[in-house]
Amino acid sequence: MEVAQVLVDELKLQFEAVAKDSRAQSMAAYMKDKFVFYGIPSVPRKRMFSEWYRLYKVDILKYARQIIRYLHQSEHRELQYCAMELLGKLKKKLVADDIQLVEWMLTTKSWWDTVDYIASHFVGHLFRDLDLRDEITAKWMASGNIWLQRSCIISQLKYKEEVDVVYLFDLIDRTKGSTEFFIQKANGWALRQLSKYNSDVVRDYVMKHPNLPRVTMREAEKYL
């Protein structure tokens with residue numbers, strides 16, 4: 001058996017040993033029963049992941065991208081969270097080609113809990129390369145996939161004062177007529193975050209677009 005699979009199986013065994021059905025059912029219900037859970041809360045899960053990573057760090061990093069794929073395509077949601085956390089270990093070493101891995105994660109087992117983390121942490125990081133950003137944005141916005149579109153919209157959540165307002169407003173202008181909740185919410189969330197650092201430009205935008213969806217407007221005006 002290949003090394004990457006052995007390492008993933010080791011983490012699975014550890015999670016299986018502490019699985020709790022009653023908690024797993026409530027966690028699944030919170031996610032509208034879209035995913036299967038072991039029933040491991042965030043704190044112990046992260047602790048177990050950290051210990052696994054510490055013990056096998058050399059091999060994990062050597063096969064990291066393959067391990068991420070194995071974790072993310074696993075049945076249980078906790079392992080999919082671990083895939084994101086392992087990608088975080090590589091964040092400073094990510095290159096333009098890694099956008100393919102990120103896109104696969106965004107479009108596989110998609111829901112807001114993984115998409116929002118991946119978009120704000122990794123898409124945003126890779127989109128610092130403006131040529132890559134513009135190329136991928138054109139592709140994702142034309143894809144019709146709401147999770148890829150949402151990822152573009154919220155990719156600058158951690159940019160603070162460095163948000164490219166022209167880029168953001170163009171995305172919102174292109175999607176403000178969407179009836180999809182997750183797009184409406186993303187637009188509002190991006191505006192709300194921007195308002196923390198540039199309230200005037202957000203206030204001006206919402207005044208000029210009074211017909212924004214209620215979900216978007218409510219988020220956008222939260223700190224104004």
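In table form, for the structure just shown:
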| quantity | calculated |
| --- | --- |
| Residues of the stretch 151-193 classified as farther than 18 Å from W140 by Cβ and of a type in the set (K, R), total | 3 |
| Pairs with Cβ under 6 Å, 6+ apart, first in the stretch 24-37 and within 16 Å of S110 (Cβ to Cβ), second among the basic types (K, R) and part of a helix (DSSP H, G or I) | F35/R77 |
| Selected residue (criterion: most open to solvent (accessible area, probe 1.4 Å)) from residues of the stretch 173-221 that are under 24 Å from V115 (Cβ atoms) and small (G, A, S) | G177 |
| Pairs with Cβ under 7 Å, 6+ apart, first in the stretch 92-107 and touching a residue at least 40 places away in the same chain (Cβ under 8 Å), second small (G, A, S) and open to solvent by less than 40 Å² (accessible area, probe 1.4 Å) | L106/S151 |
| Flag for L157 being closer than 22 Å to D129 by Cβ, in contact (Cβ under 8 Å) with a residue 24 or more places away in the chain, in contact with a Ser or Thr (Cβ under 6 Å, 6 or more places away or on another chain) and open to solvent by less than 30 Å² (accessible area, probe 1.4 Å) | yes |
| Residues being within 22 Å of the chain's Cα centre (by Cα), surrounded by 11 or more Cβ atoms within 10 Å (Cβ to Cβ) and closer than 20 Å to H72 by Cβ - total across the stretch 34-57 | 13 |
| Whichever residue in the stretch 64-107 is in a loop (DSSP other than H, G, I, E, B) and more than 16 Å from S120 (Cα to Cα) and, among such residues, is least open to solvent (accessible area, probe 1.4 Å) | S74 |
| Residues that are open to solvent by 90 Å² or more (accessible area, probe 1.4 Å) and either part of a helix (DSSP H, G or I) or in contact with a Leu (Cβ under 9 Å, 6 or more places away or on another chain) (or both), drawn from the stretch 1-33 | L13, E16, D21, Q25, Y30 |
| Which numbered condition L224 misses (of (1) hydrophobic (A, V, I, L, M, F, W, C); (2) in a loop (DSSP other than H, G, I, E, B); (3) buried (at least 20 other Cβ atoms within 10 Å of the Cβ)) | (3) |
| Yes/no for N187 being over 20 Å from R150 (Cα atoms), out of contact with any His (no Cβ under 9 Å at 6 or more places or on another chain) and at pLDDT 95 or above | no |
| D200 being closer than 22 Å to N145 by Cβ, in a helix (DSSP H, G or I) and at pLDDT 95 or above | no |
| Meets criteria (open to solvent by 10 Å² or more (accessible area, probe 1.4 Å), part of a helix (DSSP H, G or I) and closer than 25 Å to D113 by Cβ) for W140 | no |
| Subset of the stretch 122-137 (residues that are more than 23 Å from A83 (Cα to Cα) and crowded, with 21+ Cβ neighbours inside 10 Å) | T137 |
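The values are calculated or read from the model by the stated rules, or taken from the named source; none is laboratory data. What you are looking at is a predicted structure, and each value in this text was computed from that prediction instead of being measured. Every residue, glycine as well, gets a Cβ built from its backbone with ideal geometry; the counts of neighbours run over all protein chains shown. Ligands, DNA and RNA are stripped out before the accessible areas are found, and what is left, the full protein with its side chains, is counted by its heavy atoms. Shrake-Rupley method; radii C 1.70, N 1.55, O 1.52, S 1.80 Å.
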